[in-house]
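See structure below.
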Amino acid sequence: MTLQKQRANAIRALAMDAVEKANSGHPGAPMGMADIAEVLWNEYMQHNPSNPNWPDRDRFILSNGHGSMLIYALSHLSGYNLSIDDLKSFRQLHSRTPGHPEYGYAPGVETTTGPLGQGITNGVGMAVAEKILAGQFNKPNFNIVDHYTYVFLGDGCLMEGISHEACSLAGTLGLSKLIAFYDDNGISIDGHVQGWFTDNTPARFESYGWQVIPKVDGHDSGAIAQAIEAARENILQPTLICCQTIIGKGAPNKQGSEACHGAALGEAEIAQAREYLDWPHGPFEIPKEIYESWDAKQRGMELENSWNKKFEEYSLAHPQLAEELKRRLCGDLPADFFERARKYAEACQAEGDDIASRKASQNCLNNFGPLLPELLGGSADLAGSNLTFWEGAKGVSSEDPTGNYIYYGVREFGMSAIMNGIALHGGFIPYGATFLIFMEYARNAVRMAALMKQRSIFVYTHDSIGLGEDGPTHQPIEQLTSLRSTPGLCTWRPCDTVESAVAWTSAIQRNDGPSALIFSRQSLKHQERNEQQLSNISRGAYTLLEPESEPELIIIATGSEVGLAMNAALELTNQGKQVRVVSMPCAEIFDQQEKEYREAVLPSEITRRIAIEAGHKDYWYKYVGLDGRIIGMDTFGESAPAGDLFKEFGFTVKNVVDVVQELFSSCD
């Protein structure tokens, strides 16, 4: 048996042993793709197990993340800090080897995969980042950014619609450093895919503009290497290598069937597999010579040292570019960014413009964009509505990758997962936009950004019934609640230019998770503030209006309804009521404040409370209590001019005053 086959069988053995010990998992994909992985990782992958974060490493993504033991076995065997005990703890509580690869748990895992199709889409994002970063920083004789993104994917990834969105765009952008391996084994959980997946996959990808290498024997090391060579030689197109494999290869009675897809093989089958594979070693036993042949640490250090030397020469030739690249790869902001952002918010306060918050957002980009070359924007074919294309924006194309704006087309889900890949790659702060209602198309990618704690900035405009005549198909109702209930996501809904500036500043500064910025279509009235109020915006909620004496009522509002709250408070004040108005642009950040501040803004002894927001009511009970009142939505909207809709659904001063009077009456 060749050494290559023994190395591949080491993957198979670890996969079936770990799944068996956990009595849970998917042994089929790791066993079926072991030969492909062995060739790629030993002959082509440029990586350094001693430094998993080397900037110019090749990226490897297991898009069919249910086969997670493949990447864990690869990381362990090649010398990453992932022990055999870690593999024995596969799928156990607090282990470094969870059921699906999770970013931040085990070294060598570049992204969290499992929701099928998002891994290949993250890979498109990483390849986008590599191409643009290379376009911005590489110079003659200095290809300082020069690495590949390799993706393993299966039938499930290709069935998911997001793979169409992402791979179509990848072809258009000519991402030649993206090489995907399709595990064409003809099996999914329900059995043979012929009954539900008969696409001509090679023709599909050729239509996208990919190079396709079909019918590669996924168990022939020479054929695999030949295909990789052809992929790397193509400098104009991404490549799909269609590998015909046997799922669960090596399990003599279950290979080639769904029986080995998503369950442990069983002791008897594993015993026969060991004999079939000529692998006479016990569970989790890897011979020393196999470990030595897999070990990539020495080669990895040599690769990184060579790159470091090249970067030193680059630094001498292009010192400013080198410093800028280091700053961006570290994720640091320019030293003066916060101060300049603070001054911009103060200028917005002084100018006092009454404009739509989507326009306020564009103004922020016009001011922050020149300060932050790492901003990489885009929109899902709505740039003119989302107002995400700013004065210094330049589109990215296959021919010219030096820009800072991606035309994503109508691909909300693809855009969002590509953004996550860009953020994971490093060197950029991605933002992408669509209408708030179409967040639903992208929901799981937003969730994944939060799960991975990535600085992706999701810009959502046309935030309520206030968008008007397009009607209930386009008017968001429950979407704000969905976003706010996502752990780790900060959702901002600013009420004017000033809060918009603070929202953008917060999203840019945040390096431990994503933000959703929610902007209006319609014009919003500027609100007066003192210096302390301006400072407190960044705390998520603050007192915007304080009565002359002790407040007896608190009105909480966000976005376009803050102006309504202020007008209603004026009317109520004229009636003798003592009303405090609290603007709450970001509830999640407010909830993170110390108890003393939260109590100062929303004193527990003041139980008469009303929340006003043109979104679903249910979220606001946590702030007004079960005895409070909420002026919001619990039905879908209608098609009509915005002004008529706000009247129809009770967003008027009169209705607010009536609800307050009813609340006071019920408390007497």
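The values are calculated or read from the model by the stated rules, or taken from the named source; none is laboratory data. Here the structure is a predicted model, which is why all the values come from computation and not from measurement. Using ideal geometry, Cβ is built from the backbone for each residue, glycine included, and neighbour counts are taken over all protein chains shown. The accessibility values were calculated without ligands, DNA or RNA, using every heavy atom of the protein model including side chains. Shrake-Rupley method; radii C 1.70, N 1.55, O 1.52, S 1.80 Å.
Odds and ends about this structure:
- The single condition from (1) out of contact with any strand residue (DSSP E or B) (no Cβ under 8 Å at 6 or more places or on another chain); (2) open to solvent by 50 Å² or more (accessible area, probe 1.4 Å); (3) in a helix (DSSP H, G or I) that K310 fails is (1).
- Qualifying residue in region 39-60 (condition: assigned to a helix (DSSP H, G or I), in contact (Cβ under 8 Å) with a residue 60 or more places away in the chain and under 17 Å from I246 (Cβ atoms)): yes
- Any hit, region 58-70, residues being open to solvent by 10 Å² or more (accessible area, probe 1.4 Å) and in contact with a Ser or Thr (Cβ under 9 Å, 6 or more places away or on another chain): yes
- Looking only at region 255-296, residues that are within 25 Å of H192 (Cα to Cα), free of Cβ contacts under 8 Å to residues at least 40 places away in the same chain and of a type in the set (D, E, K, R) come to 1 in all.
- Checking region 405-416 against the condition returns no match, with no residue being within 20 Å of C364 (Cβ to Cβ), out of contact with any Cys (no Cβ under 8 Å at 6 or more places or on another chain) and open to solvent by 10 Å² or more (accessible area, probe 1.4 Å).
- Of all residues in region 370-402 being in a loop (DSSP other than H, G, I, E, B) and over 22 Å from A170 (Cα atoms), the one that is least open to solvent (accessible area, probe 1.4 Å): L372
- Among (1) surrounded by 22 or more Cβ atoms within 10 Å (Cβ to Cβ); (2) free of Cβ contacts under 8 Å to residues at least 60 places away in the same chain, the one test that P514 misses: (2)
- As a summary of the residue check, E269 satisfies the conditions (1) farther than 24 Å from W41 by Cβ; (2) acidic (D, E); (3) open to solvent by 50 Å² or more (accessible area, probe 1.4 Å) except for the one numbered (3).
- Pick from region 18-28, criterion open to solvent by 10 Å² or more (accessible area, probe 1.4 Å) and part of a helix (DSSP H, G or I), ranking: nearest to Q255 (Cα to Cα): E20
- Odd one out for N42, checked against (1) open to solvent by 30 Å² or more (accessible area, probe 1.4 Å); (2) more than 23 Å from A231 (Cβ to Cβ): (2)
- All conditions in (1) open to solvent by 10 Å² or more (accessible area, probe 1.4 Å); (2) under 16 Å from A360 (Cβ atoms); (3) of a type in the set (D, E, K, R) hold for D470, with the sole exception of (2).
- With respect to (1) surrounded by fewer than 19 Cβ atoms within 10 Å (Cβ to Cβ); (2) within 18 Å of the chain's Cα centre (by Cα), the lone exception for P334 is condition (2).
- Failed condition for S95, given (1) in a loop (DSSP other than H, G, I, E, B); (2) surrounded by 24 or more Cβ atoms within 10 Å (Cβ to Cβ): (2)
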